[in-house]
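*Asks:* Dumping the structure here so I can ask a few things about it.
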Amino acid sequence: KADKMLNNVTPQIEQHARYYSNWAGLMCDFVYEPPEIVFTGDKAENLRMEFDHSYLYALVAGSRVESEMPLLKNRVLKDESLIYVCRNKVCKLPVKTINEAINQF
């Protein structure tokens, strides 16, 4: 449905981009697919807040406890807080710092 709606407003986006900025953002999501960032462990919330200061566009998920959510399943360890950078639900090796995660973009 969103694809069809976006297709209907594409001519207006091209002619009047500043008035259709939210639609242009949606178009970017379709073209570039933002990375998925997963924060796990006891420090998940702190890591996410630190990541927020980088102002990078990404879909974010996180948990301190085990979850059945596909991006979190089997990723939460009791003794470690990790960051996973994923695209299309396929994740790179986990890292421990925000800078390491940003380098994986």
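The values are calculated or read from the model by the stated rules, or taken from the named source; none is laboratory data. Nothing here was measured: the structure is a model prediction, and the numbers come from that model. Here Cβ is always computed from backbone atoms with ideal geometry, including for glycine, and neighbour counts include all displayed protein chains. Heads up: the accessible areas ignore ligands, DNA and RNA and are worked out on the full protein's heavy atoms, side chains in. Shrake-Rupley method; radii C 1.70, N 1.55, O 1.52, S 1.80 Å.
*Asks:* Could you list, in sequence order, the residues of the range 84-105 that are surrounded by 13 or more Cβ atoms within 10 Å (Cβ to Cβ) and in a loop (DSSP other than H, G, I, E, B)?
*Replies:* Across the range 84-105, the qualifying residues are Lys92, Pro94, Lys96, Gln104, Phe105.
*Asks:* Another one. Considering (1) outside any loop (DSSP other than H, G, I, E, B); (2) at pLDDT below 85; (3) aromatic (Phe, Trp, Tyr), say which one Phe51 fails and leave the rest.
*Replies:* In the conditions (1) outside any loop (DSSP other than H, G, I, E, B); (2) at pLDDT below 85; (3) aromatic (Phe, Trp, Tyr), Phe51 misses (2) alone.
*Asks:* Let me ask something else about it. Consider Leu56 against the criteria (1) modelled with pLDDT of 85 or more; (2) in contact with a strand residue (DSSP E or B) (Cβ under 9 Å, 6 or more places away or on another chain); (3) open to solvent by less than 70 Å² (accessible area, probe 1.4 Å): it satisfies all of them except one. Which criterion is unmet?
*Replies:* (1)
*Asks:* Please find, within the range 60-79, the residue that is surrounded by the most Cβ atoms within 10 Å (Cβ to Cβ) out of those that are touching a strand residue (DSSP E or B) at 6+ places or on another chain (Cβ under 8 Å) and charged (D, E, K, R).
*Replies:* Arg75
*Asks:* Please find, within the range 14-44, the residue that is nearest to Arg87 (Cα to Cα) out of those that are in contact with a helix residue (DSSP H, G or I) (Cβ under 8 Å, 6 or more places away or on another chain) and open to solvent by 80 Å² or more (accessible area, probe 1.4 Å).
*Replies:* Here the answer is Phe30.
*Asks:* Search the range 4-18 for residues that are in a helix (DSSP H, G or I) and pair each with any residue that is open to solvent by 70 Å² or more (accessible area, probe 1.4 Å) and at pLDDT below 90 when their beta-carbon atoms are under 7 Å apart and the residues are at least 6 apart or on different chains.
*Replies:* From residues that are in a helix (DSSP H, G or I), the pairs are Leu6/Trp23; Leu6/Phe30; Val9/Trp23; Ile13/Trp23.
*Asks:* Sticking with this structure for a sec: Taking Val38 as the residue in question, decide whether it is modelled with pLDDT of 85 or more, part of a helix (DSSP H, G or I) and either of a type in the set (Val, Ile, Thr) or in contact with a Leu (Cβ under 6 Å, 6 or more places away or on another chain) (or both). First the steps, then the outcome.
*Replies:* Numbers: modelled with pLDDT of 85 or more: yes; part of a helix (DSSP H, G or I): no; either of a type in the set (Val, Ile, Thr) or in contact with a Leu (Cβ under 6 Å, 6 or more places away or on another chain) (or both): yes.
The answer is no for Val38.
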